[in-house]
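Written below as C-alpha cells is the structure these notes are about.
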C-alpha cells in the first residue's frame, strides 16, 4: 500500500472514554487524522453510552457499541463482523488493557474478514501483567518495586509487614491508591477487588519523579519510536493532566532494553519512577498507547500513524528525533448533544 | 563547570531542562548571567562585566555568585565539576 492509499482507510478505534481517567481512543484518532488527512473514516467502538468520543462528530464518523470483554471472543467477533459488513473496516486499534486478550485471540479471524491489527502476542501481554511484572524485572534486569499479590483482606497484613508504608494498592487492570495505614490498605483492597477482580497488587512505594515513555515496537526486538514524557500535573487518580516531552538517553535505553527483552509488537507505555539516585523503576507496563499519545505526534513521532503503516507491511526506519519541551495540557469540555443521539447509541447500539 | 549544554533559556529568564522537564523562572539579572554562561564566558569574565555595569562591590558580588552557583546546582543545571573560574 502506498502512502496515498492510507488516506482512504476505515479504522475502528476503542477507548472513547475521554473522561477524568481517559482512554487513549480520542488521542489516537487525533493523531491518525493529522497523519492521514480527511479521507480517513473513523469507526468508534464503545462500551458505554456516555463515552464522550461517541459524540465528537469531528473525530468519529460513526460509533457502534461492542460487547464487554467478559462476554468473550465469539460475541465480539459476531459484533465486529456485523460492523464490518456495514463499514468495511481495514484496521482496528484496541485501546483498553481489558479487551486486548480477546482482540489478540481474534486477530487471525479478523484478518480473514479483511481487518488488520498490530498487536502483541498473548505471551507478551502476560509477561508484563502487573501480576508478573516483578518476576519479569528480576529475570531481565529491570528495577521493579517489590510487590505482594492480595487475594483476601487477610493478605494485607503480610504485605504491609514486607513492604511497609506508604503502600501502593493497585487494581488488576486499572486504578491505584496510596495507603498510609492498614485500614486504608484494606479499604483500597476491597474497593479494587470489587471493581477489577483478583488479585489486587500491593506494591512498594517509590518516591521520585514520575515519567512515562510511549513507544512502538516492531515485533523483532526493536523500537520504531520512543517518546518520554515527564508528568507536570497529576490528578488524584494518578493520571497526567499535563506533561512535557524530555530527552534522556537513559530512558531511551530502557525502552530499547524492554523491546529487546520482549520483542514487543505494537504500542506500549512504560510508567517510570526516577528515584533520588537516578534509578529508573518500572511501575507498570501498559500494553497499548497511553491517553497522552497525541503528544508523540505533536513532538514529531506520530506513533498511531506509524502503527498503521507497520500493519500494512511498510518497513519503517526508526524515528531518531523528537522535540523536547513540548507540553500537553489536558482540559475538560462540556459537549452538548441531543437526547435523541444518546437514545440511539443506548437503544440501537449505533450512532 | 558549565551550564549543561542542552539547557534552554529565554530572554525573559525562563529556564527549561529538557533532560528532566524542570522549568524555572529567573529575573533579568539571571537571564543576563545565563546568557553569558551559555556563550562560554568564564566566571572571571562574567564578574568583570557585572562589576563594570552595576554598582556592586566585589565582595558582595562574590557572595551573590556563590549563592547563584548553589541555586544552579540544586536545580541540576550545571555540569558535574565546579564552574571554571579561569
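Numerical summary
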item	result
Rounded Å value of the spacing that divides the Cα centres of the stretch A:173-244 and the stretch B:1-57	37
Tensor-based shape of the stretch A:27-82 (alpha-carbon gyration tensor, a/c under 1.5 rounded, otherwise prolate or oblate)	prolate
Whole-angstrom gap from the stretch A:277-351 to the stretch A:46-88, using each part's C-alpha centre	18
Within 10 Å of each Cβ in A:246-256, the average number of Cβ atoms from other chains	2
Prolate/oblate/rounded label for the stretch A:207-329 (Cα gyration tensor, a/c 1.5)	prolate
Stokes-Einstein D (µm²/s) once Rh is taken as the Kirkwood radius of the stretch A:92-208 over alpha-carbon pairs, at 37 °C in 0.692 mPa s	210
Helical mean residue ellipticity (222 nm; -39500 (n - 2.57) per DSSP H run of 4+; nearest 500) of chain B	-14500 deg cm²/dmol
Exposure proxy order (Cβ contacts within 10 Å, fewest to most) of A:196, A:264	A:196, A:264
Residue-averaged beta-carbon neighbours from other chains (10 angstrom radius) around A:336-345	0
Gaussian network model of chain A, Cα within-10 Å springs - most flexible of A:332, A:121, A:65	A:332
Ratio of the Cα radius of gyration of the protein assembly as shown to 2.2 N^0.38 Å, where N counts its residues	1.12
All-pairs Cα distance distribution in the stretch A:310-351, expressed in whole percent, bin size 10 Å	18, 18, 19, 27, 18
Theoretical ellipticity at 222 nm over chain A - DSSP helices of four or more residues, -39500 (n - 2.57) apiece, nearest 500	-10000 deg cm²/dmol
DSSP beta bridges in chain A [antiparallel fraction, %, rounded to 5]	75
Stokes-Einstein diffusion coefficient of the stretch A:138-286, Kirkwood radius over Cα pairs, 25 °C, 0.890 mPa s, in µm²/s	151
GNM top mover of A:248, A:135, A:147 - chain A, alpha-carbon springs below 10 Å	A:248
Convex hull volume per residue in cubic angstrom - Cα atoms of the stretch B:8-74	89
Overall form of the stretch A:72-121 per C-alpha gyration tensor (a/c, 1.5; a/b vs b/c)	prolate
Over the stretch A:1-123: Kirkwood hydrodynamic radius from C-alpha pairwise inverse distances, Å	14.5
Estimated translational D of the stretch A:146-204 in µm²/s (Stokes, Kirkwood radius over Cα pairs; 10 °C; 1.306 mPa s)	151
Among A:256, A:278, A:334: highest mean-square fluctuation, GNM of chain A, C-alpha pairs under 10 Å	A:334
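Throughout, read-outs are computed from the coordinates displayed, never taken from laboratory work. This one's a predicted model, so the numbers in the text were calculated from it and none came from an experiment. FYI the Cβ positions are ideal-geometry reconstructions off the backbone, even for glycines, and counts take in every protein chain you see.
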